[in-house]
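Here's the structure we're looking at; comments come further down.
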Amino acid sequence: MRLVELSVSNFRSLGHVESIPIHKQTILTGHNDCGKTATLDAIAVLLGERSIIDSDISDFAEAEPVRAALPADQDEEQRTVTVEGRFALSAAEEKALDTGPFLRVRRRHVEGGRSCLEWLTEVPRNPALRDIAPLKAGELRDLASELGLKLPEGKPNVKDSWAELLKEHAAGTDDKVTDWVVAPEAVASALPQLLYFKGDAAESPEAVVRSILTAKLREYTLREETRKKITDLEEEFAALLKDDVIRLQKLVEERCAFDAFTVDPGVQFRPTVNSLSLTAAAPGQRAVSLTAAGSGRSRRVSLALWEASQELLSEDSDEGPGVIIAYDEPDTHLDYDHQRRIMQIIKVSASAAQSTVIVATHSLNLIDGVDIQDIVHLNSRDGRAYVQSLGAEDDDEDTRRFMSNMALSLGFRNSVLLHERCFVGVEGPTEYAALPILFKLAFGYPIQSAGIALWDCKGNDGALSFAKFLKKHNRTVVFLVDADTMRDKQKQFNIDRLKKQGFTEADCLFLGDPNELEDLFSDEQWADTMNAVWPRKDERQWAAQDVGNLRQAGKFSKSLHGLLRQYSTTSPNGKEDMVVELTRRLRTAADVPRPLVKSFEDAIKVAREAGLAYWPEG
């Protein structure tokens with residue numbers, strides 16, 4: 001079974017979070033206390049690897065009027081924690097569980113009570129037929145009588161006979177519904193195993209080894225020959241308890257004046273590694289316990305163990321229940337090289353057929369190292385977590401794939417898409433190359449520090465569609481375009497094309513005096529650059545007047561490029577080269593044209609007003 005979707009209610013900050021997508025490789029991002037660790041802990045709860053205590057119940061929790069398979073005598077005002085998973089099944093699991101390719105399983109905990117594992121399946125409409133195992137012999141007879149059922153000739157009038165009769169009736173009835181009921185042992189055994197690695201200093205190598213070896217032990221229990229031995233042991237110990245059970249039943253009946261009191265114990269062996277000791281010997285030194293070693297050595301050993309776990313858990317990975325490997329802040333206290341090693345561990349581990357890797361992290365290196373389709377961004381409002389994943393509410397793989405492909409083609413890092421305040425689209429490579437240099441010169445810090453993500457639209461309709469997608473998901477998007485965009489219908493990037501994608505003139509900041517970026521720079525600045533980079537072949541110096549004469553008619557940038565090609569043997573290949581070379585020769589903030597500084601100030605104002613706004617909960 002492979003977890004593909006998670007929903008959580010009333011668990012810590014996860015008041016009500018639905019449909020968290022879980023891919024083969026999933027990165028959970030978000031600020032502190034936004035629900036990343038709570039999500040990993042919720043998975044541990046679902047898989048039975050962690051118990052719920054009442055302090056886990058969310059401050060936002062509400063009572064549930066219906067509890068399905070949970071005991072009916074619970075106080076209706078008690079709050080319930082629910083962790084639900086949607087699992088993809090292998091062909092063998094479909095056959096063994098007699099179900100479809102997907103299965104929904106949930107773990108529920110009633111405040112002050114116990115937890116119960118349930119699954120969504122087809123059951124008799126009559127609730128009394130759904131779980132007859134706990135019923136006493138008299139209750140079974142009464143139920144059979146209500147349904148008009150009688151024991152076949154020769155069947156003894158005992159509990160087992162009545163239970164068998166009712167089970168056959170339940171299986172044969174056509175009056176069925178799909179509902180949540182207590183999950184059978186076969187479903188519980190098929191759940192994936194969990195390896196939960198924590199990156200903080202508290203995660204000792206001993207804990208890592210214990211997790212790995214316990215996972216392997218449980219994998220071995222699923223082998224046919226081992227399963228038979230364990231079953232025989234369980235039956236043997238159940239038989240040994242039989243006389244003790246009878247004595248307990250009689251004692252309670254006598255002391256409480258009951259007609260009947262039934263004790264039906266279930267014996268189950270689930271092997272685990274309770275304790276172990278680790279020692280290590282550095283070259284030329286004696287072996288010492290890792291508990292006595294420094295934190296640095298323990299951290300390196302834990303990292304090595306994580307790497308080793310992928311080999312151990314990849315064996316026979318096409319069979320068995322699968323494994324979920326969870327990392328909580330694995331990059332804590334690690335340098336860049338070790339973070340890269342962790343990224344490689346994650347990718348290799350996720351490549352195994354039956355494995356899923358989920359990582360909670362703040363590391364931009366890890367976030368930028370995966371496809372953005374595999375990132376789930378969590379946020380919180382007033383302490384309540386929600387999924388803030390781009391495209392999540394669309395529930396459309398094609399949309400997320402489009403976003404991923406466009407981000408790749410535009411050169412966006414995942415961290416930029418998730419965290420930047422404002423996206424500023426520019427017309428082409430000239431602006432994309434020159435504007436960051438000019439911005440830093442004018443203000444003394446990079447354009448990224450202002451919360452602005454600059455991107456080259458390249459006059460591409462796909463890029464405009466991506467801008468529309470960002471705007472739809474409440475990201476702030478503006479365009480920094482030449483002033484003649486409003487007038488020149490022949491321009492590859494004009495206002496009409498912007499309007500087709502839902503943008504208006506109000507979404508644009510304009511460059512140029514009067515027409516385009518190249519117009520902003522003075523004749524003297526152009527002449528200085530031309531003499532330094534593209535000298536005349538007749539050895540005469542370029543003069544400011546040579547440039548000024550070109551501004552009288554026609555498009556200035558085109559005329560300037562034509563002049564350079566005519567009189568210089570080292571003329572630039574394109575207009576973008578002209579602006580970039582001029583930009584590189586500027587030395588002070590005063591050299592940046594004032595109209596351009598004003599456009600930058602407008603962009604900064606937009607970014608500031610955009611702030612770290614919340615996205616819709618979807």
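What follows draws every value from the coordinates through simple rules; no lab data is involved. Nothing here was measured: the structure is a model prediction, and the numbers come from that model. Heads up, the Cβs are rebuilt from the backbone with ideal geometry, glycines too, and the neighbour counts pull from every protein chain shown.
Values as computed for the structure displayed
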quantity: Long pairs among LYS472/LYS555; LYS472/LYS605; LYS440/LYS605, criterion Cα-Cα beyond 27 Å; calculated: LYS472/LYS555
quantity: For CYS508, residues with placed amide H under 5 Å, excluding near neighbours; calculated: PHE479
quantity: Sorted by Cβ density within 10 Å, fewest first, the residues TYR220, TYR327, TYR567; calculated: TYR220, TYR567, TYR327
quantity: Proximal lysines relative to LYS558, as straight alpha-carbon distance under 19 Å, when same-chain residues fewer than 8 apart are discounted; calculated: LYS458, LYS489, LYS491, LYS575
quantity: Residue among PRO205, VAL245, TYR220 farthest towards the positive dipole end of segment 149-249, charges placed on Cβ; calculated: PRO205
quantity: Ranked list, fewest to most other Cβ atoms within 10 Å of each Cβ, for PHE11, PHE479; calculated: PHE479, PHE11
quantity: Derived scalar couplings ³J(HN,Hα) [segment 17-23; Karplus, 6.51 cos²θ - 1.76 cosθ + 1.60; whole Hz; x for Gly, Pro]; calculated: 10, 10, 6, 6, x, 10, 9
quantity: Footprinting exposure proxy for PHE521, PHE469 (fewest neighbouring C-beta atoms within 10 Å first); calculated: PHE469, PHE521
quantity: Derived scalar couplings ³J(HN,Hα) [segment 114-123; Karplus, 6.51 cos²θ - 1.76 cosθ + 1.60; whole Hz; x for Gly, Pro]; calculated: 10, 9, 9, 8, 10, 9, 8, 8, 7, 9
quantity: Rough spin-label spacing in nm, given labels placed 7 Å along Cα→Cβ, for LEU217 and LEU240; calculated: 1.8
quantity: Calculated from backbone phi, Karplus (6.51, -1.76, 1.60) coupling profile of segment 223-228 in Hz, x at Gly/Pro; calculated: 5, 4, 5, 6, 4, 5
quantity: Placed amide H near ILE57: partners under 5 Å, 5+ positions off or other chain; calculated: ARG12
quantity: Gain on full stretching of the segment that runs from ASN474 to THR504 - 0.36 nm per residue minus C-alpha separation; calculated: 9.2 nm
quantity: Rounded if a/c under 1.5, otherwise prolate or oblate - segment 522-591, Cα gyration tensor axes; calculated: rounded
quantity: Cα-only radius of gyration and Dmax that characterise segment 128-174, units Å; calculated: 9.7, 28
quantity: Cut-off under 5 Å, modelled amide H: who pairs with LEU135 long-range; calculated: none
quantity: Additional length obtainable on full extension of the chain from ASP602 to LYS95, 0.36 nm per residue less Cα span; calculated: 176.2 nm
quantity: Gain on full stretching of the segment that runs from GLN268 to SER19 - 0.36 nm per residue minus C-alpha separation; calculated: 86.3 nm
